[in-house]
1. Restricting to the stretch B:18-42, and then to whatever is at the interface with chain A (Cβ under 10 Å from one of its Cβ atoms) and exposed (fewer than 14 other Cβ atoms within 10 Å of the Cβ), can you tell me which residue is farthest from A:PHE64 (Cα to Cα)?
2. Count, please, the residues in the stretch A:123-134 that happen to be small (Gly, Ala, Ser) and touching a residue at least 24 places away in the same chain (Cβ under 8 Å).
3. Cβ-Cβ under 8 Å, sequence separation 6+ or interchain: first residue in the stretch A:32-56 and in contact (Cβ under 8 Å) with a residue 24 or more places away in the chain, partner among the aromatic types (Phe, Trp, Tyr). Which pairs?
4. For B:ASP15, which of the numbered conditions (1) open to solvent by 50 Å² or more (accessible area, probe 1.4 Å); (2) at pLDDT below 95; (3) closer than 22 Å to A:VAL45 by Cα fails to hold?
5. Is it fair to say B:TRP113 is touching a residue at least 12 places away in the same chain (Cβ under 8 Å), open to solvent by 50 Å² or more (accessible area, probe 1.4 Å), farther than 22 Å from A:PHE129 by Cα and within 12 Å of chain A (Cβ to nearest Cβ)?
6. Does the stretch B:71-85 contain at least one residue that is more than 12 Å from chain A (Cβ to nearest Cβ), part of a helix (DSSP H, G or I) and open to solvent by 60 Å² or more (accessible area, probe 1.4 Å)?
7. If the Cβ limit is 8 Å and pairs must be 6+ apart or interchain, which residue in the stretch A:95-122 that is more than 14 Å from chain B (Cβ to nearest Cβ) pairs with which residue that is surrounded by 13 or more Cβ atoms within 10 Å (Cβ to Cβ) and hydroxyl-bearing (Ser, Thr, Tyr)?
8. For the stretch B:48-64, indicate whether the set of residues that are open to solvent by less than 60 Å² (accessible area, probe 1.4 Å) and within 23 Å of B:ARG14 (Cβ to Cβ) is non-empty.
Amino acid sequence: MMSLAAANKKRPKYLNLTALLFEIRLPLAGWVSILHRISGALMFVATLWLLFMLDRSLASAREFEFVRHYLGLVPVKLALLVLIWAYCHHFCAGIRFLLLETQRGWDKPTARLTSIIVLVAGLALTALFGAKLW
Amino acid sequence: MVSRIVVGAHYGWRDWLAQRVTAVIMAAYTVILAAVLLLGAPINYGVWRDLFAQGWMRVATLLFAVSVAWHMWIGVRDILMDYVKPVALRLALQVFVILTVAGYLGWTVQILWR
């Protein structure tokens, strides 16, 4: 009876914007996870834009040059760089999740290490492809 | 198992597995495309058009696009299930996502076989 009453008691919830932003600190694996989600949502929206560019680039030589010129604009470059990061991070984090789901890398030091590897690899691949594009 | 709701997941592991299988397909395509682009001739219109004119590239890109569409639907649905609680709003957004993903896929087919 006591435990049931305790379970039904309304507990205070310490979850507000300030707490979320400044006080609750995510572990590295949490960052990998939430960035996986954010990058995925971003790519869902951005596919419209990417398909537009693929469409134009394959339409004709003139349109291809238009896309090339368009991709040279700084805001466009920055937006594309963000999407390249989203793809690379999503890719690396996804591989980590596949390994975790097949019961690899469960102990804390390994999980922490693979989190760092994913975060760094995402940025490193972004730098590589970013440098290749410009 | 008593609280099944119409806009939930389908309570099996098929979607979960489909998301993993499509992920592997996309990863393979990504590695192949990255190799072709990084190791091949510098991209100009001719190289770009010829790449997408080849049958294997069109089929591979179609398989990639189908994988993206399927993976995307499951992923965005999971996000909606976590953050959007009212059933009517969630259903409306899910329909919107399905239409968007189907539209992306149709557009891709149109681009590949114009």
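1. Narrowing the stretch B:18-42 to residues at the interface with chain A (Cβ under 10 Å from one of its Cβ atoms): B:19-20, B:23-24, B:26-27, B:30-31, B:34, B:37-38.
Applying the additional criterion that residues be exposed (fewer than 14 other Cβ atoms within 10 Å of the Cβ) yields B:24, B:31, B:38.
Numbers: B:VAL24: 31, B:VAL31: 24, B:LEU38: 19 Å.
Filtering first and then ranking leaves B:VAL24.
2. Of the stretch A:123-134, the ones small (Gly, Ala, Ser) are A:124, A:127, A:130-131.
Pick out the ones that are also touching a residue at least 24 places away in the same chain (Cβ under 8 Å) and you get A:130.
Qualifying residue count, the stretch A:123-134: 1.
3. From the stretch A:32-56, the pairs are A:HIS36/A:PHE97; A:SER39/A:TRP85; A:SER39/A:TYR87; A:MET43/A:TYR87.
4. (1)
5. Numbers: touching a residue at least 12 places away in the same chain (Cβ under 8 Å): yes; open to solvent by 50 Å² or more (accessible area, probe 1.4 Å): yes; farther than 22 Å from A:PHE129 by Cα: yes; within 12 Å of chain A (Cβ to nearest Cβ): yes.
So B:TRP113 passes the test.
6. Among the residues of the stretch B:71-85, not one is more than 12 Å from chain A (Cβ to nearest Cβ), part of a helix (DSSP H, G or I) and open to solvent by 60 Å² or more (accessible area, probe 1.4 Å), which makes the answer no.
7. A:GLY105/A:THR114
8. Taking the stretch B:48-64 as the starting set, the residues that turn out to be open to solvent by less than 60 Å² (accessible area, probe 1.4 Å) are B:48, B:51-53, B:55, B:57, B:60-62, B:64.
With the extra rule that they be within 23 Å of B:ARG14 (Cβ to Cβ), the set shrinks to B:62, B:64.
Yes: one or more hits.
The values are calculated or read from the model by the stated rules, or taken from the named source; none is laboratory data. If you're wondering where the values come from, they're calculated on a predicted model, not measured in any experiment. Neighbour counts are summed over all protein chains in view; Cβ atoms, including those assigned to glycine, are modelled from backbone coordinates with ideal geometry. Note: accessible area is taken over every heavy atom of the protein model, side chains too, but ligands, DNA and RNA are not part of it. Shrake-Rupley method; radii C 1.70, N 1.55, O 1.52, S 1.80 Å.
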